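This report refers to the structure that appears directly beneath it.
Laboratory data are not the source of any read-out in this text; all were calculated from the coordinates shown. Predicted model only: the values in this text are computed from it and were never measured. Neighbour counts run over all protein chains shown; Cβ positions are idealised from the backbone, glycine included.
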């Protein structure tokens, strides 16, 4: 029988230290590599993440951003917080979904007394189906968020979002399956310039996209502008008046009775998008009627030079590089409306 040589054994603490250093080095190296390729940290949105933000709205010093993509892309909560020190800024906008149901939920919530910044899209307000699109989010918050069985998901979401907010390697763009698929297809893995941050702000870096990609997005937006010929203009006006003077007027009364405040904001559009809006939804027949019929304060980007100067690369949304300056200017204008 051959005796095995006695090899020196490193103390366990050194083995652990070596393992930790190795893992940290791999993480840092991978993070550095993917960031040099243009990838950025990107949080995955979910009903639970929306509900976590929804649960932060309580307290007098709260500003809640409600709307669809233009508000989520164009208003940075962190910049707004600098304009309003001591306030919580809550981002509840959701891409592609009219926000009436969220506005209704907040206005009817007896414990909410904050400020609502409502990014209004006239075409949504002139549609008979505008009430229900964000309903599933509101229902999830009220029915599921507080259940004990979902406590683990809530904790997991907090941890996941915290890590995804700082590490590009945890982006959904860099999952192993996707990397392998692209390599097998001999295609280059490209960054997604639509990202989401932990506070649900969703900057879009059009300026970093290839010009041909921006042009495709722009053309797709323009192609979708043609109004439905079956919905006559007088019908749109009638639906808009009913929605504004009845539904929104009553909600605003409930909100004011508790000390809450509401400001309607028309976010920037440009080029063909704005041109088509002026034809289909002229301001004199739609936007200018909101305050007249409800008393709600409004901010239209074309009424303020500091908001008018921005060009939307896709005709409908601000580039991330313009958002900080736009948010600061908007914050100052909002202050004049809240006096």
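Angle of helix 12-36 to the longest C-alpha principal axis of the chain, folded into 0 to 90 degrees and rounded to 10: 40°. Annotation: extensible slack from residue 257 through residue 44 equals 73.0 nm (criterion: 0.36 nm per residue apart, minus Cα-Cα distance).
Grab the Cα-Cα distance for residue 108 and residue 241, subtract it from 0.36 nm times how many residues apart they are, and report the gain in nm with one decimal. The partial results should precede the final answer.
Values: separation 133, 0.36 × 133 = 47.88 nm, distance 2.12 nm.
Roughly 45.8 nm would be gained on extension.
Between helix 271-280 and the chain there is an angle of about 40 degrees, using the helix long axis and the longest principal axis of the Cα atoms. Report the percentage of all Cα-Cα pairs in the chain whose separation exceeds 28 Å, rounded to a whole percent. The proportion of pairs with Cα distances above 28 Å equals 50 percent. Label positions at residue 234 and residue 288, each projected 7 Å from the Cα along the C-beta direction, are separated by 2.1 nm. Descending by average beta-carbon neighbour count within 10 Å, the peptides 56-62, 68-74, 194-200, 319-325 line up as 68-74, 194-200, 319-325, 56-62, the highest first. Computed over the chain, the per-residue total of -39500 (n - 2.57) for DSSP H runs of n ≥ 4 gives a 222 nm mean residue ellipticity of -13500 deg cm²/dmol, rounded to 500.
When ranked by the protection proxy of mean other Cβ atoms within 10 Å per residue, highest first, what sequence do the peptides 30-36, 45-51 form? Write down the numbers at each step before the final one.
Numbers: 30-36: 13.9, 45-51: 18.7.
Result, highest mean Cβ count within 10 Å first: 45-51, 30-36.
Size descriptors for region 203-339 (Cα atoms only): Rg and Dmax, in that order, 17.1, 51 Å. Between the Cα long axis of helix 233-242 and the first principal axis of the chain there is an angle of about 80°, rounded to the nearest 10. For region 63-115, the average shadow cast by the Cα convex hull is 3.7 nm², which is a quarter of the hull's surface. One chain, two ends: residue 224 and residue 26. Fully extended at 0.36 nm per residue, the span grows by 66.7 nm beyond their Cα-Cα distance.
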